[in-house]
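Step one of this worksheet: look at the structure below.
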Amino acid sequence: MTQDDDLETALRSFLDHYNQCFYDRDLEALRALYLSDDGLVFWDNHAGCDSTSLEDHVAKVSTFFATGKTTESGTIEPLLIEDLRARRRGDVAVLTSILRYRSAPRPGVRSTFVLGREGLAWRIMHVHHSFDPNETDQPGADPLGVEDR
């Protein structure tokens, strides 16, 4: 196993743990996954969910846990993880993947996590989620006419 394989395995485990915090609605476990210096920038794929501080982000996630979309079983929507890639430079790592809601897999959610080392653990510095515009059926999804070629 190469060092890159080790990193990808460790960061996949990190992402699985992060997602499990949502499934379990565990705010304290989620909070522990972020750097403690409160330099968080979180850009979400849903309106009104961006944050520029950990406290604001945790408050918004708390509201989501109380009132957000759940499945018919009452659980939070499961995610499928595709095309996971990990890169590292010193004490900073970047994890990218395509996330898909199990009940509505298209468009996928392009996700980037920027992680910093805090002691021996990876912690979140920045998250960016955006719906993949290449998978939407909305007018203007192909503004350059590439699909017509």
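Summary table
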item	result
Matching residues, the range 5-19, being more than 19 Å from MET125 (Cα to Cα) and not β-branched (Val, Ile, Thr)	ASP5, ASP6
Every residue from the range 4-33 that is in contact with a helix residue (DSSP H, G or I) (Cβ under 7 Å, 6 or more places away or on another chain) and buried (at least 16 other Cβ atoms within 10 Å of the Cβ)	CYS21, ARG25, LEU30, LEU33
Residue identified as within 19 Å of LEU40 (Cα to Cα), modelled with pLDDT under 95 and assigned to a strand (DSSP E or B) among ARG117, ARG106, ARG123	ARG117
Qualifying positions in the range 21-46 - more than 26 Å from GLY108 (Cβ to Cβ), in contact with a Ser or Thr (Cβ under 8 Å, 6 or more places away or on another chain) and outside any helix (DSSP H, G or I)	ASP38
First in the range 13-27 and under 11 Å from VAL58 (Cα atoms), second anywhere and surrounded by fewer than 13 Cβ atoms within 10 Å (Cβ to Cβ), Cβ under 8 Å, 6 or more apart	ASP26/GLN20
Conditions (1) touching a residue at least 24 places away in the same chain (Cβ under 8 Å); (2) closer than 18 Å to HIS128 by Cβ; (3) not acidic (Asp, Glu); number of the one not met by SER62	(2)
Count of residues meeting criterion [within 26 Å of ALA93 (Cα to Cα), surrounded by fewer than 13 Cβ atoms within 10 Å (Cβ to Cβ) and without any contact (Cβ under 8 Å) to a residue 12 or more places away in the chain] in the range 34-58	1
Scope the range 83-103; condition hydroxyl-bearing (Ser, Thr, Tyr) and not in a loop (DSSP other than H, G, I, E, B); matching residues	THR96, SER97, TYR101
Test: residue in the range 61-82 that is among the hydrophobic types (A, V, I, L, M, F, W, C), touching a helix residue (DSSP H, G or I) at 6+ places or on another chain (Cβ under 6 Å) and assigned to a helix (DSSP H, G or I)	no
Residue check for LEU40: at pLDDT 90 or above and touching an Asp or Glu at 6+ places or on another chain (Cβ under 7 Å)	no
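The values are calculated or read from the model by the stated rules, or taken from the named source; none is laboratory data. Small disclaimer: the values here were computed from a predicted structure and weren't measured. As a convention, Cβ positions derive from the backbone with ideal geometry for all residues, glycine included, and neighbour counts pool all protein chains shown.
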